[in-house]
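**Student:** Handing you this structure, nothing more for now.
The values are calculated or read from the model by the stated rules, or taken from the named source; none is laboratory data. Because the structure is a prediction, the values reported are computed rather than measured. When we count neighbours, we look across all protein chains shown, and the Cβ atoms used for this are built from the backbone with ideal geometry, even at glycine.
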Ligand code: LRH
Ligand code: MN
């Protein structure tokens, strides 16, 4: 299924008048709107290839119909999201779930949809049918050198696929760890992971980045060998300048101050990118901004301050990716909501007057500092985000148009109700 530009233009013209009214009122109440809109127009968030079907838990999975059963159909679905919001111009592949049969064909199909290939993801957290050695007790940490070698070789294969597709980064998330006290020699496990990553780092192309994604628990429930930002940073520092940490918002212990972690990793120039989602308890992989929108805003405050302090390009110098799993929502609607929530948090963060805030901090005027932040967070910035889309020839209301065009029903008509997407 494709969405024509004329459908978007027609839809926008129906909404134009009410949009203009809201946009002009907002322009009259906030300064530097054009600068913020320019930032929003350049800001692209990559879509995970593994979040285009119905996710599930060990308790069950409820299909939604019209799921993409092939890599080509996954690219088509990300293309639909990108056509509607013109802010999702990249897909992040997971190997072996998305091995391209013919890289050139896949590359040209992606460019037809205006898509690039973001970070490649390796997978040594599942055993594949034709796999010689099991990852039951870990992969890069494993006590058996042969298992580590197998996992290293897999990561090198993933880099090869990425090179063919034009990707520029590899994300390594390890499920490695232990479930019971006594099971693991923590020092040896960490050393094995470091030595294994050194072999992978050694073959990483010079213009690539290696993202080391940490996670506090699951699927191991006593220790994770790359369990927090400190362990990820330790590895990234020991590996070298191409290695960075990756922050998945759902991978922290309860009440962790993620915005502080982000501030410090940026300060150390070791923040590589994000897996945006939201959660109330564990790695719930819920819609971005659906549970803790204020935390998301505070994280973007630290991102804007930290990136400005380093003269970084907001749109290009960090990996912006979503990592979600959809148990009950239509995946494409969920992704449209997530991109919107990210744009809103980013725009509100840009609204804050940095000098005024620093002045309040210098005077320990705690009340004023909070008022400055919450004024931005309580500003309904959505007309600005919509205007940025309008200037990018996207839909003023992507979700509204998605529903008006009955996209899910169209996909079910094309693919049936039983098609199943690879992924989680
Ligand atoms: C692990 C994770 C990782 C992916 C997987 C699909 O929880 O966040 O980023 O490999 O989800
Ligand atoms: Mn993740």
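**Student:** Just to be sure I understand, how many residues within the range 99-131 are away from ligand 1 (no atom under 12 Å from the Cβ) and in a loop (DSSP other than H, G, I, E, B)?
**Tutor:** Total satisfying the criteria: 13.
**Student:** May I pose another question? Among the residues of the range 265-289, which ones are more than 15 Å from ligand 1 (Cβ to nearest atom) and either part of a strand (DSSP E or B) or free of Cβ contacts under 8 Å to residues at least 24 places away in the same chain (or both)?
**Tutor:** 271, 280 - these are the residues of the range 265-289 that are more than 15 Å from ligand 1 (Cβ to nearest atom) and either part of a strand (DSSP E or B) or free of Cβ contacts under 8 Å to residues at least 24 places away in the same chain (or both).
**Student:** Does the range 232-245 hold any residues that are crowded, with 20+ Cβ neighbours inside 10 Å and either free of Cβ contacts under 8 Å to residues at least 40 places away in the same chain or within 16 Å of ligand 2 (Cβ to nearest atom) (or both), and which are they?
**Tutor:** The answer is 232, 233, 236, 244, 245.
**Student:** Another question about this same structure. Return the only residue of 90, 119, 132 being more than 23 Å from residue 3 (Cβ to Cβ), within 16 Å of ligand 2 (Cβ to nearest atom) and modelled with pLDDT of 95 or more.
**Tutor:** Testing whether each residue is more than 23 Å from residue 3 (Cβ to Cβ), within 16 Å of ligand 2 (Cβ to nearest atom) and modelled with pLDDT of 95 or more leaves just 119.
**Student:** Determine which single condition residue 248 fails, assuming it passes every other condition in (1) crowded, with 20+ Cβ neighbours inside 10 Å; (2) closer than 14 Å to residue 228 by Cα; (3) out of contact with any strand residue (DSSP E or B) (no Cβ under 9 Å at 6 or more places or on another chain).
**Tutor:** (3)
**Student:** Quick check on my filter: what residues within the range 377-412 are farther than 28 Å from residue 292 by Cα and assigned to a loop (DSSP other than H, G, I, E, B)?
**Tutor:** Answer for the range 377-412, where residues must be farther than 28 Å from residue 292 by Cα and assigned to a loop (DSSP other than H, G, I, E, B): 392, 393, 405, 406.
**Student:** Kindly evaluate residue 216 against the criterion of being modelled with pLDDT of 95 or more, touching a strand residue (DSSP E or B) at 6+ places or on another chain (Cβ under 8 Å) and more than 11 Å from ligand 1 (Cβ to nearest atom).
**Tutor:** So residue 216 fails the test.
**Student:** I'm trying to understand the selection: among the residues of the range 170-189, which are over 15 Å from residue 137 (Cβ atoms), in contact (Cβ under 8 Å) with a residue 12 or more places away in the chain and more than 16 Å from ligand 1 (Cβ to nearest atom)?
**Tutor:** 181
**Student:** Follow-up question, since we're still on this one. Just checking, does the range 270-288 include any residue being closer than 28 Å to residue 242 by Cα, surrounded by fewer than 17 Cβ atoms within 10 Å (Cβ to Cβ) and modelled with pLDDT of 95 or more?
**Tutor:** Looking through the range 270-288, none of the residues is closer than 28 Å to residue 242 by Cα, surrounded by fewer than 17 Cβ atoms within 10 Å (Cβ to Cβ) and modelled with pLDDT of 95 or more.
**Student:** Looking at residue 31, is it exposed (fewer than 15 other Cβ atoms within 10 Å of the Cβ), more than 16 Å from ligand 1 (Cβ to nearest atom), outside any helix (DSSP H, G or I) and touching a residue at least 24 places away in the same chain (Cβ under 8 Å)?
**Tutor:** no
**Student:** Looking at this structure, is residue 297 within 16 Å of ligand 1 (Cβ to nearest atom), buried (at least 21 other Cβ atoms within 10 Å of the Cβ) and modelled with pLDDT of 95 or more?
**Tutor:** Considered against the rule, which asks whether it is within 16 Å of ligand 1 (Cβ to nearest atom), buried (at least 21 other Cβ atoms within 10 Å of the Cβ) and modelled with pLDDT of 95 or more, residue 297 comes out as no.
**Student:** What is the residue count in the range 206-227 for residues that are in a loop (DSSP other than H, G, I, E, B), more than 14 Å from ligand 2 (Cβ to nearest atom), in contact with a helix residue (DSSP H, G or I) (Cβ under 9 Å, 6 or more places away or on another chain) and more than 19 Å from residue 318 (Cα to Cα)?
**Tutor:** Result for the range 206-227: 1.
**Student:** Go through (1) more than 16 Å from ligand 1 (Cβ to nearest atom); (2) touching a residue at least 40 places away in the same chain (Cβ under 8 Å); (3) on the phi < 0 side of the Ramachandran plot one by one and return the number of the condition residue 166 breaks.
**Tutor:** (3)
**Student:** Still on this structure, I have one more. Suppose we filter 253, 298 for residues that are more than 14 Å from ligand 2 (Cβ to nearest atom) and part of a helix (DSSP H, G or I); which single one remains?
**Tutor:** Unique residue meeting the criteria: 298.
**Student:** Something else about it: Spot the failing condition for residue 333; the list is (1) under 15 Å from the mean Cα position of the chain (by Cα); (2) surrounded by fewer than 21 Cβ atoms within 10 Å (Cβ to Cβ), and only one is missed.
**Tutor:** Every listed condition holds for residue 333 apart from (1).
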